[in-house]
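Data block below; observations after.
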Amino acid sequence: MCLAIPGRLIERWLGVGEVPFGRVAFGSVRREVCLAYTPEAELGAYLIVHVGFAIQVLDQRAAREALALWEAIEDS
Amino acid sequence: MRYVDEFRSPAAIRAASEAIAATVTRRWTIMEICGGQTHAIMRWSLPELLPEQVELVHGPGCPVCVTPAEVVEQARQIALQPDVILASFGDMLRVPGTRGDLLAARAEGADVRVVTSPLDALALARAHADRTVVLFAVGFETTAPATAMAIELAAATGLGNFAALTGHVRVAPAIELLLAAPDNRVQGRLAAGPVCTVEGVAEYPPLVERFAMPVVVAGFKPLDILSGLLACVRQLESGAARLEIDYRRAVRPEGNPRARACVERVFEIVDAPWRGLGVVPAGGLRIRDALAELDAGRRFSVTIPGADELASRCRAAEVLRGILRPSECPEFGRACTPERPLGAPMVSSEGACAAYFRHRGRPS
């Protein structure tokens, strides 16, 4: 159930009760997502989405650093 | 970069497993408590990529599996009430309650629908003003903010025909109970990345200190798990016991404060029964009295017969505590399969038995 999948924010708007919503692309699949918990998310950001809610903005630098660590090991 | 496939890179996975093998000098038992991690471990055959000294034990990381049969029975009885639409996540429909599952209730005429977000249940309530829509929601800290927001929005917009039956549970108190058990043999822990994405890590330093045990917050892609295991065995080999966040792209120490605040506005912390563990002190969430009208458990008075756990051949209690490996259960793959499950761990997409069956198949 804790799928928490990353996807890219491609559109945003205000929904019922001024709650921010957005459209998030997971590869070729697009879904409407509630942004109430990540109102700071900008277009193009990668969001971690779980049961229709963005629960965090993905830290792209931390992701690249984690991967670079393994690339460096592979190259050595 | 889509932040998915990169964390499944075979070259990086190989490098991580080699690093673990180069670090380990003795036997270590490490528990993960996250159904997503359990499934990834089986799907990617990670035990085969690890040195034999590293034993992985699967904890109660599947919220559907730890939901007591009585709660499923309560949902089933509410679903059978006139003019009710019961909405739940797909996993819940086939979980056996004390008297059958929600799919069987649907066959008896109940209107049971699958939703992928609690907000879908609000949309159903708006579309069916003449009926009561009950959201049946279980889950860990990752899911509770979504349920909380649905309840808060229903209250704010005066959506009188919406209510929620919730079985949300809290992971840290259950971990504490498991580690304090006299038969505990776990020496290091991977903490669930998705849970910490919301909850942060404030609950872990006391556990690290009390049990002198490394806790590493890890994601659930194969590279995330191996990287987390490497961090864990490095600590174990050096005699360290620290909290470490190895899933920094998603987990900040404070989690998501907005999500936590919404959960706190809607729910209060209560002692709660976990299937397999018994009552866990502070292990669950209950809708606050101020929002009691939106609590389906209080709006509908249904009588729940006690569960006859002894009559069930499902050994979920032992599987959920990491004492019995799914494949060691005599019913595994024989009387109990995903098509005809005896218990929740074989049903849920996060259940340990389903993970073993799907990725290892029937016993020979």
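Extending 7 Å from the Cα toward the beta-carbon at both B:Val4 and B:Phe300 defines two label points whose distance is 3.5 nm.
Can you give the net charge of the other residues whose Cβ lies under 9 Å from the Cβ of A:Gly52, counting K and R as +1 and D and E as -1? Computed value for this residue: -1. In nanometres, what is the gap between the two model label sites at B:Glu254 and A:Ala25, each 7 Å from Cα along Cα-to-Cβ? It works out to 3.2 nm between the two label points.
Counting Lys and Arg as +1 and Asp and Glu as -1, what is the net charge of the other residues whose Cβ lies under 15 Å from the Cβ of B:Val270? Net charge in that neighbourhood comes out at -2. Roughly what % of DSSP beta bridges within segment A:5-75 run antiparallel, to the nearest 5? Bridges in segment A:5-75 are about 95 percent antiparallel.
Comparing Cα centroids, segment B:138-152 and segment A:1-68 end up 17 angstrom apart. Let's test the formula: R0 of 30 Å, r as the Cβ-Cβ distance of B:Glu339 and A:Ile5. What FRET efficiency results, to the nearest 0.05? Efficiency computed from Cβ-Cβ geometry: 0.65.
In this rough spin-label picture, where each label sits 7 Å from Cα along the Cβ direction, the B:Arg14-A:Asp59 distance is 3.1 nm. Over the C-alpha atoms of the protein assembly as shown, the Rg to Rh ratio, Rh being the Kirkwood estimate, stands at 0.96. Projected onto planes of every orientation and averaged, the convex hull of the alpha-carbon atoms in segment A:34-76 covers 3.7 nm². Other residues within the sphere of radius under 11 Å centred on the Cβ of B:Arg325, judged by their own Cβ, net out at -1 (K and R +1, D and E -1).
If the chain linking B:Val114 and B:Glu293 were pulled fully straight, counting 0.36 nm for each residue of separation and taking away their Cα-Cα distance, it would gain 62.1 nm. For the pair A:Trp13 and B:Glu48, a Förster radius of 56 Å applied to the C-beta separation gives a FRET efficiency near 0.75, rounded to the nearest 0.05.
Measuring between their Cα centroids, segment B:19-71 and segment B:173-202 lie 13 Å from each other. For segment B:179-281, what is the percent of antiparallel DSSP beta bridges, rounded to the nearest 5? Of those bridges, close to 30 percent are antiparallel. Expressed as a fraction of 2.2 N^0.38 Å, the C-alpha radius of gyration for chain B is 0.99. Segment B:Ser238..B:Glu328, full-extension length gain: 29.1 nm, with 0.36 nm per residue of separation and the alpha-carbon distance subtracted.
Building the convex hull from the alpha-carbon atoms of segment B:53-201 and averaging its projection over directions returns 10.7 nm².
Across every pair of different alpha-carbon atoms, what Kirkwood hydrodynamic radius in Å does segment A:5-75 reach? Result for segment A:5-75 stands at 12.9 Å.
Across all Cα atoms of segment B:246-303, the radius of gyration (one decimal) and Dmax (whole number) stand at 15.2, 46 Å.
All of the numbers you see were taken from the coordinates with simple rules; none came from a lab. Because the structure is a prediction, the values reported are computed rather than measured. Don't worry about glycine lacking a Cβ; one is built from the backbone with ideal geometry, like all the others, and counts go over all protein chains shown.
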